[in-house]
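Heads up: the structure comes next, in structure tokens.
Derivation of every value follows stated rules applied to the coordinates shown; laboratory data play no part. In this text, all values refer to a predicted model and were calculated from it rather than measured experimentally. Here Cβ is always computed from backbone atoms with ideal geometry, including for glycine, and neighbour counts include all displayed protein chains.
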Amino acid sequence: MAPDLKEIYKLYYDNYTRKTKEFIELLELVSEKGLDEIKGAIETLSKNKKSMVTTANIKVLVQKENTPDFTISSEINENSLELLKKWDTMFSLQNHQEVIQ
């Protein structure tokens, strides 16, 4: 496996909350879009919060970047990332509540 992919796996997929299937989906996305685009999406997501780096979020960013006739303003992008952070926090809290109960 390429060193960059090994690092991505170690940083974002090699823990008890991630599944191998999600990483395999990421590898399929790498074969479609290229490693550089995936790394760019990961960099954008990780600037906000490490837990934001998921295959689903990466797919959203990569698809958005490849939409030719649709321009997303930086304000919309920032608001979207903020909303994703709120959802991540909400689901993290719910998971903790489930573990406690």
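In terms of Cα to Cα distance under 21 Å, which lysines are near enough to residue 21, apart from those fewer than 8 places away along the same chain? Candidates past the 8-residue exclusion: 6, 10, 33, 39, 50, 59.
Take each of the peptides 52-61, 73-82, 36-45, average the number of other beta-carbon atoms within 10 Å over its residues, and list them starting from the highest.
On the way: 52-61: 18.9, 73-82: 11.3, 36-45: 17.4.
Top of the packing list down: 52-61, 36-45, 73-82.
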